[in-house]
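*Asks:* Before I ask anything, here is the structure I am working with.
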Amino acid sequence: MPSRIMLNPGDIATLDLTDPRTHAEYDLSEVWRHLRTTQPFHWHPSVGGAPGFWVVSRHADVSEIYRDNKRFTSEKGNVLTTLLMGGDSAAGMMAAVTDGPRHSDLRKILLKAFSPRALEGVVDNIRQSTRALVAEAIARGECDFAADVAADIPLTAICDLMGVPEADRAKVLELTATALGNDGAAQSPAAAWQARNDILAYFGTLAAERRANPGDDAISVLATGTLEGKPLTMDEIVVNCYSLIIGGDETSRMSMTGGVLALIEHPDQWQALKSGQADIATAVDEILRWTTPALHFGRTALEDIPVGTQGQVIKAGDIVTLWNDSANMDEDVFEAPERFRLDRTPNKHLSFGYGPHFCLGAYLGRAEIAAMLSALRDLVASVELRGDTRRNYSNLLSGVTSLPVTLRAE
Ligand code: HEM
């Protein structure tokens, strides 16, 4: 991976945060530093006829808006793509794009599937399969950590969470790869659309079965839950099942793979992990801060809101984007934020968001990174980069999609 080109504050006038290349090919840290200091609420001009939007870069402001679901809504979309298109078809059905009492009800239902007790078996499985995958990678010598180790861990965990029968796993993994376009092959939009529909139909079949004969998996809790006093519709069930894949697959893969790259680039921190000096739970949060897999989330203002010290007003209807990658580097909150330190504490990163929509999969995501760190610490003596890495092209998900390495055993 050629290193990213550093943009300067002078480039802000032409900055296009909607363009995936801006994030994959350029280093925005100087731009973010400048915006945090001088324009914490920056108006991003319209691109290609879509509306302009606010860019919020300071940790304090980003957390404040995440927390405020009275004056800001997620129901008109919560990421740039849907916000700029004018809405999300799953609004009012999928937790991430629903607010008010329906959202509280949906979260209550989903939280049953995410309770530490419900997750016990899922997390055990994550630990075992991660160790097995790392051991296989060592045996092979060379591997692409992204494809050969990190790829299947999150999806397997999500299948466990939903109680997808073993016999159907291969099909679900394949359809997901096609729907999300993450198997490396160039996907036709028609094939991706068909695969997404096939997954939704499959979840619908499982939901009908579980409604009649429930277990304690996520599909069963959705199939037997009630929303404002009524059972969930099939659409509501399947769209929330699918949201677990959208929310939990690529984000976790990016943090695991990015974590390994960070350890390669910071040999002192690799030593801290190996020597047992680094506490795994603390290290996991630093990897989450450092990799910040979800670059931004967004909201729409419901009323006029004066902001900052420059007399600016966010108008009702304005799109407001919250940049986690800037907030996680805010020097007002993190001491020497540009240093990757596995012992960083406190570490109030916003990688899982904040407030009412705080990530439901945070415990699971942390468990996946922890399993990876433990397996590396226990089984791997050294990690060496073997070739070019590849970055993801997206204005939402940031990270490394290919990481060729050699893992050597103890
Ligand atoms: C919400 C990040 C893993 C499911 C969120 C949000 C963020 C986030 C920033 C807030 C969105 C907003 O405020 O609009 C991440 C990262 C992960 C991760 C960085 C991994 C490192 C997971 C996993 C699952 C999951 C493993 C499930 C299997 C969800 C769901 C929501 C959510 C359902 C919506 C919650 C709500 O709106 O109430 N995630 N996530 N995430 N995440 Fe995650």
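*Asks:* Tell me, what HN-Hα J-couplings in whole Hz come from the Karplus equation 6.51 cos²θ - 1.76 cosθ + 1.60 at θ = phi - 60° for each residue of segment 375-389, using x for Gly and Pro?
*Replies:* Here the 3J(HN,Hα) series is 5, 5, 4, 7, 10, 10, 8, 8, 10, 10, 6, 10, x, 6, 8 Hz.
*Asks:* Mind listing which GluC sites (Glu not before Pro) in segment 321-379 are in a DSSP loop and have 11 or fewer other Cβ atoms within 10 Å?
*Replies:* GLU335, GLU338
*Asks:* Considering only DSSP beta bridges with both partners in the chain, what is the antiparallel share in %, to the nearest 5?
*Replies:* Antiparallel bridges: around 80 percent, rounded to the nearest 5.
*Asks:* Here is a follow-up. Would you mind checking the pairs LYS70/LYS230; LYS112/LYS315; LYS70/LYS112; LYS108/LYS274; LYS171/LYS230; LYS76/LYS230 and listing those with alpha carbons more than 28 angstrom apart?
*Replies:* Values: LYS70/LYS230 24 Å; LYS112/LYS315 38 Å; LYS70/LYS112 25 Å; LYS108/LYS274 40 Å; LYS171/LYS230 32 Å; LYS76/LYS230 24 Å.
From LYS70/LYS230; LYS112/LYS315; LYS70/LYS112; LYS108/LYS274; LYS171/LYS230; LYS76/LYS230, over 28 Å: LYS112/LYS315; LYS108/LYS274; LYS171/LYS230.
*Asks:* Going through segment 311-359, which trypsin sites (Lys or Arg not before Pro) have at most 12 other Cβ atoms within 10 Å and a DSSP loop state?
*Replies:* Values: sites: LYS315, ARG339, ARG341, ARG344, LYS348; in loops: LYS315, ARG339, ARG341, ARG344, LYS348.
Those satisfying the criteria are LYS315, ARG339.
*Asks:* Return the long-range amide H neighbours of ASP318 (sequence gap of 5 or more, or a different chain), with a cut-off of under 5 Å between placed amide H atoms.
*Replies:* Under 5 Å from the amide H of ASP318 lie the amide H atoms of ALA301, each far enough along the sequence or on another chain.
*Asks:* Given H placed on each backbone N at 1.01 Å, which residues far from VAL313 in sequence or on other chains put an amide H within less than 5 Å of it?
*Replies:* It is VAL307, by chain and number.
*Asks:* Also, I was wondering about something else. Could you give the length gained by full extension between VAL313 and SER188, i.e. 0.36 nm per residue of separation minus their alpha carbon distance, to one decimal place?
*Replies:* Answer, rounded to one decimal: 40.7 nm.
*Asks:* With each pseudo-label sitting 7 Å past Cα toward Cβ, what's the GLU331-ALA201 distance in nm, one decimal?
*Replies:* 5.7 nm
*Asks:* Semi-axes of the chain's equivalent ellipsoid from the Cα gyration tensor, sqrt of 5 times each eigenvalue, largest first, rounded to whole Å? Don't skip to the answer; put the middle values down first.
*Replies:* Working: eigenvalues 191, 177, 75 Å².
Equivalent ellipsoid semi-axes, largest first: 31, 30, 19 Å.
*Asks:* So what is the calculated 222 nm ellipticity per residue for the chain, using -39500 (n - 2.57) for each DSSP H run with n of 4 or more, over all residues, to the nearest 500 deg cm²/dmol?
*Replies:* -15500 deg cm²/dmol
*Asks:* Give a quick list of trypsin sites (Lys or Arg not before Pro) in segment 15-83 that DSSP marks as loop, anything other than H, G, I, E or B, with at most 12 other Cβ atoms within 10 Å.
*Replies:* Details: sites: ARG21, ARG33, ARG36, ARG58, ARG67, LYS70, ARG71, LYS76; in loops: ARG58, LYS70, ARG71, LYS76.
Passing sites in segment 15-83 are LYS70.
*Asks:* Quick one: which residues, 5+ away or cross-chain, put their amide H under 5 Å from the amide H of ARG386? H built at 1.01 Å from N.
*Replies:* VAL405, THR406
*Asks:* Here's a follow-up. Report the full-extension gain for the segment LYS70 to THR406: residue separation times 0.36 nm, less the Cα-Cα distance, to one decimal in nm.
*Replies:* Extra length available between LYS70 and THR406 comes to 115.9 nm.
Bear in mind that the values in this text are calculations on the coordinates, not laboratory data. Everything quoted here is computed from the prediction, not taken from an experiment. Cβ coordinates were reconstructed from backbone atoms using ideal geometry, including for glycine residues, and neighbour counts include every protein chain displayed.
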